[in-house]
């Protein structure tokens, strides 16, 4: 019987001793890898945060320098339009905005063109539904559409931006 046995009774403790360090070393390796990933993630997040802030500040300074002393704002009278509804109940939208004169425009030239701008906005605003005004991105979408329609009506370079002062739905 002793010929069939591969190890003796005293060998069990040696086998356990050999297998335990292997499991401890795996645990240590996992802990080290997780710690390294955490440090890398924290460093990357800090770099993104700090570099993102610097880029934003640079953009603001560049925009301010670009328009310093040149920017003209033209106040457009508030518009009140009916919104399209499926339930038949009346819904209204009041929009008050300002135009920022572009490099090819003067304040007086924009004031003279306000009727064209209002005429370009009417079809778009009347087709809006109350659902179109829901959510945080609604103002951005409306602003972009109004700016595109302004460029179509007046041409490129006349208006740089549209500043929405009031957007009230009733």
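The values are calculated or read from the model by the stated rules, or taken from the named source; none is laboratory data. All values derive from a computational prediction rather than experimental measurement. Counting neighbours? That spans all protein chains shown, and the Cβs are built from the backbone with ideal geometry, glycine included.
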Open item on the list: If residue 70 satisfies all but one of (1) part of a loop (DSSP other than H, G, I, E, B); (2) at pLDDT 85 or above, what's the number of the condition it fails?
Closed with: (2)
- [ ] Tell me which of these residue 87 doesn't satisfy, since it passes every other one: (1) out of contact with any helix residue (DSSP H, G or I) (no Cβ under 6 Å at 6 or more places or on another chain); (2) at pLDDT 90 or above; (3) surrounded by fewer than 16 Cβ atoms within 10 Å (Cβ to Cβ).
- [x] (2)
